[in-house]
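Take a look at the structure below.
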Amino acid sequence: MCLQNYRCRLFFLFMHLQLIGSGAAAQVITSRGTHGNYLTIQLGSALGAVFGIFVARGVSGAHLNPVYSLSLCVLGRHPWRKLPLYSLSHLVGAFLGAATVYLQYYDAIQAFSGGELLVAGPNATAGIFCSYPADHLSFWGGLVDQVVATALFLLCCVALEDQQNGPLPDGLHPVLVGALILTMGVSMGSNCGFPLNPARDLGPRLFTFVAGWGEEVFKAGGGWWWVPIVAPFVGGLLGTLTYEVLIEAHHQTTPQSPQQELEEVVVDSGNNR
């Protein structure tokens with residue numbers, strides 16, 4: 001598979017994910033809640049992931065997240081030499097996806113904001129594209145939120161990939177990843193919108209910076225912007241290693257036949273008499 005084909009597919013995957021997720025947010029925010037609500041935003045993010053995986057899984061493995069790619073590299077399941085390419089492709093794809101959503105919703109954003117592109121306040125629109133902390137969230141609270149959420153997310157992703165933990169029927173994996181994203185959104189989204197993905201957050205943030213929102217996208221929340229970039233890598237590795245140590249390391253090295261399992265039960269029963 002040529003390098004260019006990988007890059008194009010990854011661009012397309014992330015544009016697909018960004019278009020649906022941010023498009024759902026744009027529809028809710030610019031309509032002031034008359035065309036959707038918090039749940040429809042989470043559904044958009046989840047379904048965007050599902051269809052993005054279906055589009056690109058046969059070519060690139062449909063990595064949705066640089067943190068996931070890094071975790072696979074640490075586990076020896078993905079070549080390190082491809083990590084920079086995948087990460088850059090994710091970042092560029094997210095940037096282009098945000099630009100496309102802005103183009104599609106340009107009139108709605110201008111009407112909603114009165115022509116002023118704001119990061120905070122009742123007419124803010126920067127949150128359509130990337131995450132910002134809620135007013136109640138402290139700096140350390142944001143770090144904990146992202147480490148815990150991403151650890152759980154990656155733990156579940158690795159579990160879904162673990163063939164020894166029960167192979168999944170072909171086609172079910174993307175649906176379960178979407179269900180996982182929806183689960184994260186409805187349980188861990190109120191603090192800062194559960195970014196979980198450095199490229200998904202940084203790419204659109206860079207777009208909003210150059211598109212007119214300005215330096216405030218990096219200053220808001222006390223310089224919040226770097227938390228959803230650094231903390232997910234920490235949490236992702238924590239979740240991956242937790243699964244490896246507590247679950248995968250305890251798999252049997254060779255599968256047992258039903259007869260072998262029955263013999264073990266009989267022996268254990270005899271030893272306990």
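Below is a table of values for the structure above.
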| item | result |
| --- | --- |
| Which numbered condition PRO167 fails, given (1) assigned to a helix (DSSP H, G or I); (2) over 22 Å from ALA24 (Cα atoms) | (1) |
| Of all residues in the range 114-149 being free of Cβ contacts under 8 Å to residues at least 40 places away in the same chain and in a helix (DSSP H, G or I), the one that is nearest to VAL234 (Cα to Cα) | VAL144 |
| Tally of residues being of a type in the set (S, T, N, Q), surrounded by fewer than 23 Cβ atoms within 10 Å (Cβ to Cβ) and assigned to a loop (DSSP other than H, G, I, E, B) across the range 171-201 | 2 |
| The range 193-204 residues that are closer than 17 Å to SER69 by Cα, paired with ones that are of a type outside the set (Asp, Glu) and in a loop (DSSP other than H, G, I, E, B) (beta carbon under 6 Å, 6 or more apart) | PRO195/SER131; ASN197/ASN65; ASP201/CYS130; ASP201/SER131; ASP201/PRO195 |
| Flag for THR34 being surrounded by fewer than 18 Cβ atoms within 10 Å (Cβ to Cβ), modelled with pLDDT of 90 or more and out of contact with any helix residue (DSSP H, G or I) (no Cβ under 8 Å at 6 or more places or on another chain) | yes |
| Condition check for ALA124: loosely packed, with under 15 Cβ neighbours inside 10 Å and at pLDDT 95 or above | no |
| Residue within the range 243-260 that is buried (at least 18 other Cβ atoms within 10 Å of the Cβ), under 30 Å from LEU72 (Cβ atoms) and modelled with pLDDT of 90 or more present | yes |
| Among (1) closer than 25 Å to PHE51 by Cα; (2) assigned to a helix (DSSP H, G or I) - the single one ALA111 does not satisfy | (1) |
| Some residue of the range 159-177 being under 30 Å from GLY115 (Cβ atoms), in contact with a helix residue (DSSP H, G or I) (Cβ under 8 Å, 6 or more places away or on another chain) and at pLDDT below 95 | no |
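The values are calculated or read from the model by the stated rules, or taken from the named source; none is laboratory data. Just so it is clear, the structure is predicted and the values come from calculations on it, not from any experiment. Counting neighbours? That spans all protein chains shown, and the Cβs are built from the backbone with ideal geometry, glycine included.
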